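Accompanying notes for the structure given below.
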Amino acid sequence: MKTLIATMVAGVLLCLSGAAQAQRAQASRVHSKGHILLGVDTEFGIPLGNYADVNSVGGGAVLVAEYPLMNMLSASARVGFQAHVDRTVAGLGAHVNAIPVLLGTKYYIGGDRDGLFGAFELGMFDLMSSVESRGAGGKIVSATASDLKFGLGVGVGFQQDRWNARVNIHSQDVGNFGSAMIISGGIGYHFASF
């Protein structure tokens, strides 16, 4: 598993270094050259598989920074909060909220930073869980925990001017890849650049 992660990280770094070299050799549009784009994405998430047994639907907001490397490729950073409602089974609730801190790349299929794009992200997820159980005498006891996990994901979306819509699938814990999958989607807006 460590070899797979190291290979993926090396691949991303290789792509970024190649893109940086290509940027020097290619003229770029004025609005995308050397500017960091700031924005916010909304997210609506649905846990998949085993993860849906302890977590329910949720939503949140994610701050986005995007640095165009060339017309077709950008480096990105996303940080946010995803809150989930309780999954109630036999009168007992459980949920897992998340704080994602992700670095990635965004590749625009048509170039010029408009239209269809693909995204790859990796980073850390702070998973904050709360689980209720029945204690002595039938009393409901709540236990909370916070775990920092390495995750990764892919997405596809559509960018038009400052607006975008995207769908992602993430594993919030690569060590338990199939047991921490979530699909999310939302709308985003770039509100500033500098």
Output wanted: per-residue J couplings in Hz (rounded whole) for the range 143-159, from phi through Karplus 6.51 cos²θ - 1.76 cosθ + 1.60, θ = phi - 60°, x for Gly and Pro.
10, 10, 8, 10, 10, 9, 10, 8, x, 7, x, 10, x, 9, x, 9, 10
Based on the alpha-carbon gyration tensor of the range 38-100 and its eigenvalue square roots a ≥ b ≥ c, which shape applies: rounded if a/c is under 1.5, prolate if not and a/b is larger than b/c, or oblate?
prolate
Each residue of the range 132-140 in turn: what ³J(HN,Hα) in whole Hz from Karplus with 6.51, -1.76, 1.60 and θ = phi - 60°, glycine and Pro shown as x?
9, 9, 8, x, 4, x, x, 5, 7
Based on the Cβ-Cβ distance of Ala165 and Lys139, what FRET efficiency does E = 1/(1 + (r/R0)^6) give at R0 = 41 Å, to the nearest 0.05?
0.35
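So how much slack lies between Ile109 and Tyr67, counting 0.36 nm per residue of separation and subtracting their Cα-Cα distance, in nm?
Details: separation 42, 0.36 × 42 = 15.12 nm, distance 1.68 nm.
13.4 nm is the gain from fully extending Ile109 to Tyr67.
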Just check the range 74-180 against the gyration tensor rule for me: Cα atoms, a ≥ b ≥ c as the square roots of the eigenvalues, rounded for a/c under 1.5, and otherwise prolate or oblate depending on whether a/b exceeds b/c.
prolate
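Which order do Lys106, Lys149 take when ranked by solvent-accessible area (1.4 Å probe, heavy atoms of all protein chains), largest first? Walk me through the numbers on the way to the answer.
Working: Lys106 10, Lys149 65 Å².
Result of the area sort, largest leading: Lys149, Lys106.
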Taking Cα centroids, how far is the range 122-165 from the range 174-194 in Å?
11 Å
So for the range 118-194, considering every pair of alpha-carbon atoms, how many percent are separated by more than 15 Å?
68 percent
How far apart, in nm, are the 7 Å Cα→Cβ label points at Asp53 and Ala192?
4.5 nm
Ordering 159-165, 35-41 by per-residue average of other C-beta atoms within 10 angstrom, highest first, gives 35-41, 159-165
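May I ask you to derive the FRET efficiency for Val85 and Leu148 from their Cβ-Cβ distance with R0 = 30 Å, giving the value to the nearest 0.05?
On the way: r = 23 Å, r/R0 = 0.76.
E between Val85 and Leu148, to the nearest 0.05, is 0.85.
The values are calculated or read from the model by the stated rules, or taken from the named source; none is laboratory data. Here the structure is a predicted model, which is why all the values come from computation and not from measurement. Cβ coordinates were reconstructed from backbone atoms using ideal geometry, including for glycine residues, and neighbour counts include every protein chain displayed. Just the protein is used for accessible areas: all its heavy atoms, side chains included, with ligands, DNA and RNA removed. Shrake-Rupley method; radii C 1.70, N 1.55, O 1.52, S 1.80 Å.
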